[in-house]
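What follows is a short report on a single structure.
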Amino acid sequence: MAMLALATAVFVVAGLVKGVIGLGLPTIAVGLLSLFMTPALAASWMLVPSLLTNVWQVAAGPNLWPLTRRLATLLAGLVAGTWLGSGIITGASAGHASVALGLVLILYAGLGLSPLRPRVPARAEPFLSPVVGLITGVVSAGTGIFVMPSVPYLQALGLEKDDLVQALGITFLVATVALGLGLFSEGVLAGGTALISLAMLAPALLGMAIGQAIRSRISPAAFRTWFMIGLMLLGAHLAVKPLL
């Protein structure tokens, strides 16, 4: 019961972050849950909230099919990378998953805090998209999160705000399904685990509603800065803890 209570609180926080800045639910959920369970189990508990909140995010945007066509090779690479990396988070290398997760969080937060805002030229997109998707898939299979390098890459495409939010939702939706299939094939996503993941949907949606309610009362940019600082500290803890 104590574990479920902690997880419920984690998903409220993760949903709140997503409600304020439009992303971060899987990253926060897996990162915080990994403090007291394996990254593989944390990723399994995250699946249903991530899946359904991203369906919501995808459906709310105006350009679903044009964006899906544009991102098709990235999405194909993501699925392929997840398949290639299937078993990393649960196999012989599972003991290193927490360290890898911590390092990915540090890198992601560092880029988020950096003033660098790179742009991807249109002519490079057909070549870069499948590579970015492939790398994201392998990272997702090994750590349970799928923000690197997909999020910085999508931000570098120069999409309009609404299109960027929808593109992130499409990418995360496909990544969640691919990760879920990988965890199922490894026997991690059993019936009991799936039910717990479903139960975590309610606190995640509650957190999102709270986040959306307070979004107009705070600066999303300032909130995002503190979010990235928090992610960096969490990543450092996860990376160092197994080594001590």
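This table checks each residue for (1) of a type outside the set (D, E, K, R); (2) modelled with pLDDT of 90 or more.
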{"site": "104", "(1), (2)": "yes, yes"}
{"site": "125", "(1), (2)": "no, yes"}
{"site": "183", "(1), (2)": "yes, no"}
{"site": "200", "(1), (2)": "yes, yes"}
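So that you can scan it fast, the table gives a plain yes or no per residue for (1) more than 18 Å from the chain's Cα centre (by Cα); (2) closer than 24 Å to residue 38 by Cα; (3) of a type outside the set (A, V, I, L, M, F, W, C):
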| residue | (1), (2), (3) |
| --- | --- |
| 173 | no, yes, no |
| 178 | no, yes, no |
| 181 | no, yes, no |
| 185 | yes, yes, yes |
| 206 | yes, no, no |
| 224 | no, no, yes |
| 232 | no, yes, no |
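Picking from residues in the stretch 119-148 that are touching a Phe, Trp or Tyr at 6+ places or on another chain (Cβ under 9 Å) and over 27 Å from residue 34 (Cβ atoms), the one that is least open to solvent (accessible area, probe 1.4 Å) is 129. Filtered by the rule that a residue be modelled with pLDDT of 90 or more and either open to solvent by 60 Å² or more (accessible area, probe 1.4 Å) or out of contact with any Gly (no Cβ under 8 Å at 6 or more places or on another chain) (or both), the stretch 231-244 gives 232, 233. Applying a threshold of 6 Å to beta carbon distances and a minimum spacing of six or more residues, or different chains, the list of pairs starting in the stretch 122-147 at a residue that is within 8 Å of residue 81 (Cβ to Cβ) and in contact (Cβ under 8 Å) with a residue 24 or more places away in the chain and ending at one that is in a loop (DSSP other than H, G, I, E, B) and hydroxyl-bearing (Ser, Thr, Tyr) reads 141/86. Return the residues of the stretch 3-30 that are of a type in the set (Val, Ile, Thr) and surrounded by fewer than 23 Cβ atoms within 10 Å (Cβ to Cβ); say none if nothing qualifies. Within the stretch 3-30, 8, 12, 13, 21 qualify.
Answer yes or no: is there a residue in the stretch 101-110 that is among the hydrophobic types (A, V, I, L, M, F, W, C) and over 18 Å from the mean Cα position of the chain (by Cα). Checking the stretch 101-110: not a single residue is among the hydrophobic types (A, V, I, L, M, F, W, C) and over 18 Å from the mean Cα position of the chain (by Cα).
Exactly one of (1) under 25 Å from residue 177 (Cβ atoms); (2) open to solvent by less than 60 Å² (accessible area, probe 1.4 Å) is unmet by residue 112. Its number? Unmet condition: (1). Look at residue 227 and say whether it is closer than 16 Å to residue 30 by Cβ, in contact with a Phe, Trp or Tyr (Cβ under 7 Å, 6 or more places away or on another chain) and crowded, with 18+ Cβ neighbours inside 10 Å. When the stated conditions are applied, residue 227 does not pass them.
From the list 165, 151, which residue is under 15 Å from the mean Cα position of the chain (by Cα) and either open to solvent by less than 10 Å² (accessible area, probe 1.4 Å) or at pLDDT 95 or above (or both)?
Numbers: 165 fails: either open to solvent by less than 10 Å² (accessible area, probe 1.4 Å) or at pLDDT 95 or above (or both).
Answer to the selection: 151.
With respect to residue 120, determine if the residue is under 26 Å from residue 225 (Cα atoms), within 14 Å of the chain's Cα centre (by Cα) and modelled with pLDDT of 90 or more. The answer is no for residue 120.
For residue 80, the conditions (1) open to solvent by less than 10 Å² (accessible area, probe 1.4 Å); (2) under 20 Å from residue 136 (Cα atoms) are fulfilled apart from (1).
Listed by first and then second residue, the pairs with beta-carbon distance under 8 Å, at least 6 apart or on different chains, first residue in the stretch 180-191 and of a type in the set (S, T, N, Q), second open to solvent by less than 50 Å² (accessible area, probe 1.4 Å), are 185/86. Count of the stretch 198-224 residues, restricted to those that are surrounded by 16 or more Cβ atoms within 10 Å (Cβ to Cβ) and among the hydroxyl-bearing types (Ser, Thr, Tyr), is 0.
The values are calculated or read from the model by the stated rules, or taken from the named source; none is laboratory data. Model, not experiment: these values are computed from the prediction. FYI the Cβ positions are ideal-geometry reconstructions off the backbone, even for glycines, and counts take in every protein chain you see. Note: areas computed on protein heavy atoms with side chains; ligands, DNA, RNA excluded. Shrake-Rupley method; radii C 1.70, N 1.55, O 1.52, S 1.80 Å.
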